[in-house]
Every structure is written in C-alpha cells, then in structure tokens.
Amino acid sequence: MTHVQTLIEAGLTEALITGGDLAVSSPIDGTEIACVAQTRTDGLPQVLDRAEAAFHAWRQVPAPRRGELVRLLGEELRAGKQALGAVVTLEAGKITSEGLGEVQEMIDICDFAVGLSRQLYGLTIASERRGHRMMETWHPLGPTAVITAFNFPVAVWSWNTALALVCGNPVIWKPSEKSPLTAMASIAALNRALERFGDAPEGLVQLVIGGAEIGDALVSSPRVPLVSATGSTRMGRIVAPKVAERFGRSILELGGNNAMIVAPSADLDMAVRAIVFSAVGTAGQRCTSLRRLIVHEDLRTGLVGKLKAAYASLPVGDPRAPGTLVGPLIDMGARAQMLAALEQARAEGGVVHGGAPVEAVPGGAYVSPALVEMPAQSAIVQTETFAPILYVMGYRSLDEAIALQNGVPQGLSSCIFTRDLREAESFLSATGSDCGIANVNIGPSGAEIGGAFGGEKETGGGRESGSDAWKGYMRRATNTINYSDALPLAQGVKFDI
C-alpha cells in the first residue's frame, strides 16, 4: 500500500493532504508524504468563537448523553483501528503492534469515559449548623486546549478529549507539527461519530495545525480556561507561566527520566524482558521509556551481559515489516541528539555498547539501541534524551538506590524488581520513589488508562486519563442549603440585628 493509499484508507482526502504549506515527512524513509494547510493565527478568534458557542450549548446536554458521543467515537475507532494504526506507523515510525496499541488506548479511554459520564459525583458534607446541608457540585469548565506531542500522536488527545467531552467542555486540538496526519484521521473518525450522534453543536472539537506561533496564541488566550499540554520540560516552561499569568489552569505532562532498580532477589529473566521493552520500545521515544538502570553490584556484571546479548539480537528496520522491534527515530535531528548524548556520556566516563547509526531504510533515522555503563549519575544521565539510551549504574543499599532513583529533576515513572516484600513496600512508601508512577515487578513504560497518568517535579504535576483525573476538566462549587427557619452563622459567630 502506498503512503497516499494509507492516508485515504484512514478517511483523509487528497484535497486535505496536498496543496498546503506544512510539509509532512515519514520517519520510515524521510520522504514527504503530505503537505497540509496550517491554521493562521488571525483565524484563531473564529475558532474560539465557535468553541464558546459550543460550550454554551454542550454544558446543557446531560452528561450521559454527552457520553453517548464518546461511545460512538469508540465504535468508529474500533471499526477503523487497522487504518488509523497504519497512519500512526507511517507518521510516527512506530512498529505495527505499537501503532495498533495506541489506537486501542483510544478505544479504552472511550469505554472509561462512557462509564464516567454517569459517575461525575460530588460529596455530601456534614454541616456544623442545625438544619443545613453542604454538598459539592461539579460543572463544565469551558473550552479546553489539548496540545500533543509526536510520540503519542493520537492516544494523548483521546485521553483528554474523551474526559473533556463527558465533562461538558469543547476541545481545541493542536497536534505536533510533526504528526498532523494522525490528528486529521482522528478528527475524521470523530466527524463520523458526530454525524451519527445528530445534535452536537458546531465547533465542539476543532483542529488547529501549525507550529509555535499558533500554539502561543492558543496558550495565551484568556478565552481558554484549561490547557492540557504534553511535551518536553522546555515546552512546559514556556506554557505554564503564560497560562498562570492569566489565571488559567494547566495540565502538564512533560519529561521523564525513568529508572528501574534491580534488587538481589529479582527474577532476572523477567527483569531483562521488562528492561528491553521499556528501554527500546518506540525507539526510546516514550516519556515513560526506561533511561536509567540501577542494579545491585552483585548482579551488575551478569545482568549487563544478558542485556548486551539481548540488544544484539534486536531487529532494527522498517516498522511495517514483520519481526521489526525497533523502528526509526522521528528525524535526523533526533539521531544527532542521541549521538551527541553518547559522546558526552563517554566524556563523563561511560562505556558505550551499541548506539551506532543503522542503514536500515535509506532516508530514515535508524540507530541501534545503546547500553551505557556509567560510573555515577553524571550530568548526561540526569538529562532526558529522547532516544534508546539506557544508562547502567550500581548500588549497594536500597537507600542508595532510591536516592539515585530520585536524584534527577524529572519525576514521571519508576519501578523496582524484587521478591522482597519489605523492599517493595519501602519503594512504594513516602520515603521511596518520588514519581507519579511507581511499579513493582513491571517496567515503567506502558501505563493502563484506568490510572491517572502524570508525574512530579519537572514532569509538571498534571494528571490525564483515568482515576479522578476528570476533576481537572471541571470547576467545583461548594453549596450550603439552609432548610431551617433560623440563620445561624458558622464558627458560632453572633451578629444579631
């Protein structure tokens, strides 16, 4: 199937993918596969007008009815899973199973959000005053901007959009300029769901395509009460102050520098399998990718040997080919950053295994995953490089291992492999991992949608997807109802007139 056929199969038309001013290339071979129209910043006021009008109508729709739209979207995604997954592979370079897995995440969050549409619960609170009742109510917040990155070009949008829609908010989506085609294909699926739904307001979900200029205009607009942004810590440092300056709300999911501790009692065969997928899956371009391996010194030499053998057997190549496990980096710039990071690691005392360019498909940015033995947690180890680089360090005591785990600016995902209950519980305790995700005997990568996703420190503190993350998309009101014939004041205050 040609590139154009892949895009048309996913619901795009030749008119949408030709004649624009933004060239889109496939990381598979570096070739241009589309040229799409960008959104002009002077057109953003009209986008916001439509979003505000949609909000005024959508917030009046009962939440279970709003959930019906999300249910229909899930049906469309099920029907188009193969086609959309193929676009993810074409545009983001993910191997076929990962492209399909990302669409499955979209389906899963739709299922979650449909149930949530009947569970937007508030608390009933005991009042200190006789004849009074207190309660919480949750209300739609308003137009929600969703800014996504290239590495999960559709799943992260769906995490936010499914929740925002059932909560009563319209959505304005700005995808990465490196992956607009997957966004356009997702909107095509949503449009089919909207047609079946029948009475949704115009402008309920809108797509804006472009780079920093349109993103800055969206982030800076006081007409957007909530911005959910996924990307680098550098991007978060730009977004957060601009939203805060206008007293908006932001959900930030930023960089990760995720670690695994391998304790003396660990099941090493299971640990090796978890390490390899977590470190090299998606060519190391997940925010939850494993980047630091902290191994007990008694195991270090043997485990490194097992990993070197496993890494040497990994098929690197065209992500569409059967058997491929490592596809390309997103572009040549990403490969250059990886090679520069390895040079810095060598300068800081690291011993590098692998990490060389691979000429798998002409024009693509292919590399062999790198395993780097480090003498200490140096500057490069504390820096997130979005590539398949795994730094290996040793430890003697669990306290030392946890200190290494926590001793980086990022705080997204973490894990420990151990069969010692005390070690596992210590890792999960208040004195253990400081990350938003902490796992035992499972890698840091590959979170399920049922749990709130996000992390602390330079990861931004935001939470998306499951659990009670829906509260971030709503405003809370505390209500007190006096059903007595008296008017007592709280705290025993007397003010008789």
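The values are calculated or read from the model by the stated rules, or taken from the named source; none is laboratory data. Computed from a prediction, not measured in an experiment: that's the story for all the values here. Here Cβ is always computed from backbone atoms with ideal geometry, including for glycine, and neighbour counts include all displayed protein chains. All accessible areas refer to the heavy atoms of the entire protein, side chains included, with ligands and DNA or RNA removed. Shrake-Rupley method; radii C 1.70, N 1.55, O 1.52, S 1.80 Å.
A convex hull fitted around the alpha carbon atoms of the stretch 72-123 yields 79 Å³ per residue.
Residue-wise HN-Hα couplings along the stretch 81-88, as the Karplus relation 6.51 cos²θ - 1.76 cosθ + 1.60 with θ = phi - 60° gives them from phi, are 4, 4, 5, 5, x, 5, 5, 4 Hz; Gly and Pro carry x.
All alpha carbon pair distances within the stretch 1-144 were sorted into 5 Å bins beginning at 0; the resulting P(r) in whole percents reads 2, 8, 11, 13, 13, 15, 15, 9, 5, 3, 2, 2, 2, 1, 0.
Roughly how many Å is it from the Cα centre of the stretch 174-194 to that of the stretch 21-73, as a whole number? Value for the Cα centre distance between the two parts: 7 Å. Accessible surface computed residue by residue for the chain, with neighbouring protein chains in place and a 1.4 Å probe, gives 41 Å² per residue. Between the alpha-carbon centres of the stretch 309-373 and the stretch 416-440 there is a gap of 31 Å. On the chain, 54 percent of the accessible area sits on carbon and sulfur atoms, based on a 1.4 Å probe. Note that the stretch 337-346 has calculated 3J(HN,Hα) couplings of 5, 5, 5, 5, 5, 5, 5, 5, 4, 4 Hz, one per residue in order, obtained from phi through the Karplus relation 6.51 cos²θ - 1.76 cosθ + 1.60 (θ = phi - 60°); glycine and proline are x. The loop-placed trypsin sites (Lys or Arg not before Pro) in the stretch 109-200, going by DSSP, that have at most 10 neighbouring Cβ atoms within 10 Å of their Cβ come out as R130. On the principal axes of its alpha-carbon atoms, the chain has extents of 81, 60, 37 Å, going from largest to smallest. Remark on L226: its backbone amide H falls under 5 Å from those of A145, R249, a criterion applied only to residues 5 or more positions apart or on other chains, H modelled at 1.01 Å from N.
Near V358, the amide H atoms lying under 5 Å from its own belong to Y366, V367, S368; only residues 5 or more places off or on other chains count, and H is placed 1.01 Å from N.
Any idea what the dipole of the chain comes to, in debye rounded to 20, about its Cα centre with Lys/Arg Cβ at +1 and Asp/Glu Cβ at -1? Around 940 debye, computed over the chain. Most simply put, the chain has about 40% antiparallel DSSP beta bridges, counting only bridges with both residues inside it. Per-residue ellipticity at 222 nm, computed for the chain from helices alone with -39500 (n - 2.57) per DSSP H run of at least four residues, works out to -12000 deg cm²/dmol.
Couplings for the stretch 100-114, taken from phi via the Karplus curve 6.51 cos²θ - 1.76 cosθ + 1.60 with θ = phi - 60°, read 5, x, 5, 5, 4, 4, 4, 4, 4, 6, 5, 4, 4, 5, 4 Hz in order; Gly and Pro are left as x. Extension gain for the segment A379 to K242, taken as residue separation times 0.36 nm less the Cα-Cα distance, is 46.4 nm to one decimal.
Cα centroid separation, the stretch 451-488 to the stretch 237-266: 20 Å.
Note on the stretch 259-411: semi-axes of the ellipsoid equivalent to its C-alpha gyration tensor, largest first and rounded to whole Å, are 25, 17, 13. Each 5 Å bin from zero up to the one holding the largest Cα-Cα distance in the stretch 375-497 carries the following percent of pairs: 2, 8, 14, 17, 14, 10, 6, 5, 5, 5, 5, 4, 3, 2, 0, 0. Once you treat every alpha carbon in the stretch 50-95 as an equal point and sum by Debye, what is log10 I(q)/I(0) at q = 0.13, 0.21, 0.29 Å⁻¹? Log10 I(q)/I(0), no solvent term: -0.51, -0.76, -0.95. Distances between placed amide hydrogens fall under 5 Å for Y395 paired with V295, H296, E297, all partners being 5 or more residues away or on another chain.
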